[in-house]
Amino acid sequence: MTTASIPSTMRAVLLRGHGGFDQLDFRSDVPTPIPSAGEVLINVKAAGINNTDINTRIGWYSKAVEGTTNAAADDAGATNVEADGGWSGALSFPRIQGADCCGEIVQVGAGVDASRVGERVLVRPMHEDPNDDRPFRCRTFGSEMNGAFADYTVAPSSETYAIKSNWSDIELASLPCAYSTAEGMLHRGELGVERVLITGASGGVGSAAIQLAKRRGATVIAVAGQTKLEAVQAAGADEVIPRGIDLAEVIAADSIDVVLDLVAGPGFGQLITALRRGGRYVASGAIGGPLVELDVRDLYLKDLALLGSTFQDPIVFENLIRYVEQGEIAPMVAATYPLSEIVTAQEAFLAKEFVGKIVLVP
């Protein structure tokens, strides 16, 4: 594609504000972005859907919200969340969401090597904040900046990674957010050849975590909905447990080295009980409810480490690119939808009747 052939306007989904599906506005007259210095313009080929897209739309990150993602979504979005409804506080609207981007570089800004034009690329979702050098500070692609729910998007060249793989564009679009979140949790929890318990194991992050944990030689115990257990086991889990069961009935206390929790909610205490002395609990989601009850005696008497996982060291995404190129992991795509059908796609996402990722195609 030549610069002259890049259209002046494009199709995109604009998030107009926090709320229900009515806040998603699919348009065909959105100005095509122009890359600034240090940026690249990407022709988006596919873009995955993630929990963060829903959570941001409904304002779930706000402290005003205490329930599950689905409960807030059913209420058509939380109220009084404008000040802290995004990852890092208030969002500016309209916003183009989409943390997952697979595409092709078609134009570069000043200071970027023109030879990058034509590269097949993935965008790292968690960008280092160029204006803040404090630890753990980052900007999220598709949240603090426009993302991939469009024909074109811009991203810093430094956060845009070339990839050589026989995966399709749709398959590659399933990788950035879910797999980097999962690998970031494993990296933060320093998982080795150990026993790991993964909640929410049928979702994009959970199913990725199964593969990535097995790659490290871990024994994986996965918790998922009853109808998805067979698919979760096929993804590589050594043992599968139906969601909602009393974990104490099937997992001995003090028998798990690492917990990767994407659910939280009422089952939190059982996860802490399952951890061995010196075990590590890593959270990167709370779809079952963000407020939990902790017996602090368990925390200090068992010498546990409770870890949050959002920020990712660059090595996390660099490793993912290598895993794909070396054939060490596989994609898990459940369904695809046209970008224009984003509401239908998000409805399917919220129904949770799938294993893996749902991907949009512009």
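Here, each number is a calculation from the coordinates, and none is a lab measurement. It should be emphasised that the depicted structure is a prediction, and the values quoted were computed from it without experimental measurement. All Cβ positions, even for glycine, are placed from backbone atoms using ideal geometry, and neighbour counts span all protein chains on display.
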Which of Phe311, Phe93, Phe268 has the fewest Cβ neighbours within 10 Å, and the rest in rising order: Phe93, Phe311, Phe268
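Treat the count of other C-beta atoms within 10 Å as a stand-in for reagent exposure and order Ile221, Ile329, Ile198 from fewest to most. Walk me through the intermediate numbers first.
Details: Ile221 23, Ile329 19, Ile198 30.
Exposure proxy ranking, most exposed first: Ile329, Ile221, Ile198.
Go ahead and estimate [θ] at 222 nm for the chain from helices alone: -39,500 (n - 2.57) per DSSP H run with n ≥ 4, summed, over the residue count, rounded to 500. Each step should come with its number before you reach the end.
Numbers: 10 runs with 86 residues, N = 362.
Result for the chain: -6500 deg cm²/dmol, rounded to the nearest 500.
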Peptides ranked, highest mean first, by Cβ atoms within 10 Å: ranges 59-66, 238-245, 46-53: 46-53, 59-66, 238-245
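Can you put Thr69, Thr310, Thr153 in order of Cβ neighbours within 10 angstrom, beginning with the fewest?
Going from sparsest to densest Cβ surroundings: Thr310, Thr69, Thr153.
With charges set only on the Cβ (+1 for Lys and Arg, -1 for Asp and Glu), what does the dipole of the chain come to about its Cα centre, in debye to the nearest 20?
Details: 29 positive and 45 negative charges, 71 e Å.
Computed charge dipole of the chain: roughly 340 debye.
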Cα-based reach from Lys228 at 16 Å (exclusive), listing lysines while leaving out same-chain residues under 8 positions away: Lys352, Lys357
Sequence ranges 316-328, 286-298, ranked by mean other-Cβ count within 10 angstrom, highest first: 316-328, 286-298
